[in-house]
Amino acid sequence: KSEKEKVGVNMAWSADYMLSSREDIELVRYNTVADLVMALRFKKIDKAAMERPFAVEVLNCVDGLRIIDDTIATDGLVFAVNNEREDLLNELNEFFSRFKESKEKKELFERLNSTEGYEYHKIENAKGSRMLSVGLPTDAYPYSYIDFESGDYAGSDLEVITMFANEYGYTLEFTPGIFTTIEIGIGEGEFDVAIGSFCDAAREDAEVSEVFMMSDVYMEHEIVYIEVEDFNSLKVISPLD
């Protein structure tokens, strides 16, 4: 009997959720993307599975890898909402129902999945009469992060929350942190909404734990494999983490 193919994933990312029920592979969990690449380099795993925008970023940082273009799963991006803000959840879902069919969503999706990597398009907050406190992980590229050249917050989720805020009359107030602290913060009610790579596949866990509510899906994303194309040319050309 042949051994199962070993597939590496980042712990609690979309790929982890989506592939955890697969019986034809052996899932190996890692804490960081850098750990995944090292596991590929030293043949601890056969492939790594991750969201396509992350896979593109990995290939932009490391020579000798390639994306296997077949989509192995599809997940959705959502926002996490304070349990006390059902009014906000309803507004977000109302906005997302229109956004999903909009030219803005199509254009953003194309930038997120570009083979050249994501390009942030800054949208100014119109600063409405209502304050919206937002938990923003700065380690969730390309969904939310800090632009090292400008020092400003950036990311596709930042674009989306700003479009929402401008339409519904909110001024945005950001609380930065790493994803783990933001997830804990929204669960403890420290802010109204948390953005930055929250995935629909985690909805069941959120509903069971009742720590926060989750919006409807506003953007789908593909999960793909990456593998080593040439071990001889495998070289890190810019930092991954």
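The values are calculated or read from the model by the stated rules, or taken from the named source; none is laboratory data. Since the structure is predicted, the reported quantities are computational estimates derived from the model, not experimental observations. Cβ placement follows ideal geometry from the backbone for every residue including glycine, while neighbour counts extend to all protein chains displayed. Just so you know, the surface numbers come from the protein's heavy atoms only, side chains and all, with ligands and any DNA or RNA stripped out. Shrake-Rupley method; radii C 1.70, N 1.55, O 1.52, S 1.80 Å.
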Open item on the list: Compute the angle between helix 103-112 and the longest alpha-carbon principal axis of the chain, please, reported from 0 to 90 degrees and rounded to the nearest 10.
Closed with: 30 degrees
Open item on the list: Output wanted: per-residue J couplings in Hz (rounded whole) for the stretch 42-54, from phi through Karplus 6.51 cos²θ - 1.76 cosθ + 1.60, θ = phi - 60°, x for Gly and Pro.
Closed with: 9, 6, 7, 9, 8, 8, 10, 10, 7, 5, 3, x, 5
Open item on the list: List the residues, sorted by chain then number, that are 5 or more residues from VAL28 or on another chain and whose placed amide H is less than 5 Å from its amide H.
Closed with: VAL7, GLY8, VAL9
Task: Whole-number accessible area per residue in Å² for the stretch 1-44, which is evaluated in the context of all protein chains at 1.4 Å - done: 65 Å²
Open item on the list: Leaving out ligands, DNA and RNA, and with a 1.4 Å probe, what % of the accessible surface on the stretch 1-140 is carbon or sulfur?
Closed with: 45 percent
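Restricting to Cα pairs below 8 Å that are 6+ residues apart, what does the relative contact order work out to for the chain? Please round to a whole percent.
With pairs under 8 Å counted, the relative contact order is 33 percent.
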Task: In Hz, Karplus ³J(HN,Hα) per residue of the stretch 144-159 (6.51, -1.76, 1.60; θ = phi - 60°; x = Gly, Pro) - done: 7, 6, 9, 6, 5, 6, 9, x, 8, 5, 8, x, 5, 5, 5, 4
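Direction-averaged shadow area of the convex hull around the Cα atoms of the chain, nm²?
One quarter of the hull surface, i.e. the mean projection, equals 13.5 nm².
Tell me, what are the semi-axes, in whole angstrom and largest first, of the equivalent ellipsoid of the stretch 123-170 as set by the roots of 5 times the Cα gyration tensor eigenvalues?
So the equivalent ellipsoid measures 20, 10, 9 Å along its semi-axes.
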Open item on the list: More than 19 angstrom separation, counting every C-alpha pair in the stretch 164-241; what % is that?
Closed with: 57 percent
Open item on the list: Heavy atoms only, 1.4 Å probe, whole protein assembly: order PHE54, PHE96 by accessible area, highest first.
Closed with: PHE54, PHE96
Task: 19 Å reach of a label modelled at HIS121, 7 Å along Cα-to-Cβ, counting backbone N of the stretch 150-174 - done: 153-168
Open item on the list: Under a Cβ-only charge scheme (Lys and Arg +1, Asp and Glu -1), can you give me the dipole magnitude of the stretch 83-226 about the Cα centre, in debye to the nearest 20?
Closed with: 400 debye
Open item on the list: If the only charges are +1 at each Lys and Arg Cβ and -1 at each Asp and Glu Cβ, what is the size of the charge dipole of the stretch 1-102 around the Cα centre, to the nearest 20 debye?
Closed with: 580 debye
- [ ] Report the normalised scattering of the stretch 49-161 as log10 I(q)/I(0) at q = 0.11, 0.13, 0.21 Å⁻¹, calculated by the Debye formula with identical scatterers on the alpha carbons.
- [x] -0.44, -0.60, -1.40
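If you stretched the chain out fully between ALA34 and GLU229, how much longer would it get, using 0.36 nm times the residue separation minus the C-alpha to C-alpha distance? Display every interim value, and only then the final one.
Details: separation 195, 0.36 × 195 = 70.20 nm, distance 1.73 nm.
Residue separation times 0.36 nm, minus the Cα-Cα distance, leaves 68.5 nm.
Against the empirical 2.2 N^0.38 Å scaling, what ratio does the C-alpha Rg of the stretch 112-228 come to? Don't jump to the answer; show the numbers that get you there.
Details: Rg = 14.8 Å, N = 117, 2.2 N^0.38 = 13.4 Å.
Against the empirical 2.2 N^0.38 Å value, I get 1.10 for the stretch 112-228.
Run lengths n ≥ 4 of DSSP H only: what is the helix-derived mean residue ellipticity at 222 nm for the chain, with -39500 (n - 2.57) per run over all residues, to the nearest 500? Display every interim value, and only then the final one.
On the way: 8 runs with 78 residues, N = 241.
Value at 222 nm, helices only, nearest 500: -9500 deg cm²/dmol.
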Open item on the list: Please compute the per residue accessible area over the stretch 64-187 with all protein chains in place, 1.4 Å probe, rounded to a whole number of Å².
Closed with: 49 Å²
Open item on the list: Kirkwood hydrodynamic radius, computed over distinct alpha-carbon pairs, for the stretch 53-94: how many Å, to one decimal?
Closed with: 13.8 Å
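If you count, for each residue, the other Cβ atoms within 10 Å and average over each peptide, how do 77-83, 146-152, 159-165, 171-177 line up from highest to lowest?
Sorting 77-83, 146-152, 159-165, 171-177 by mean packing, highest first, produces 77-83, 159-165, 171-177, 146-152.
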Task: FRET efficiency estimate (nearest 0.05) - Cβ-Cβ, SER150 to GLU173, R0 22 angstrom - done: 0.70
TODO: May I ask what percent, to the nearest 5, of DSSP beta bridges between residues of the stretch 120-206 are antiparallel?
DONE: 30 percent
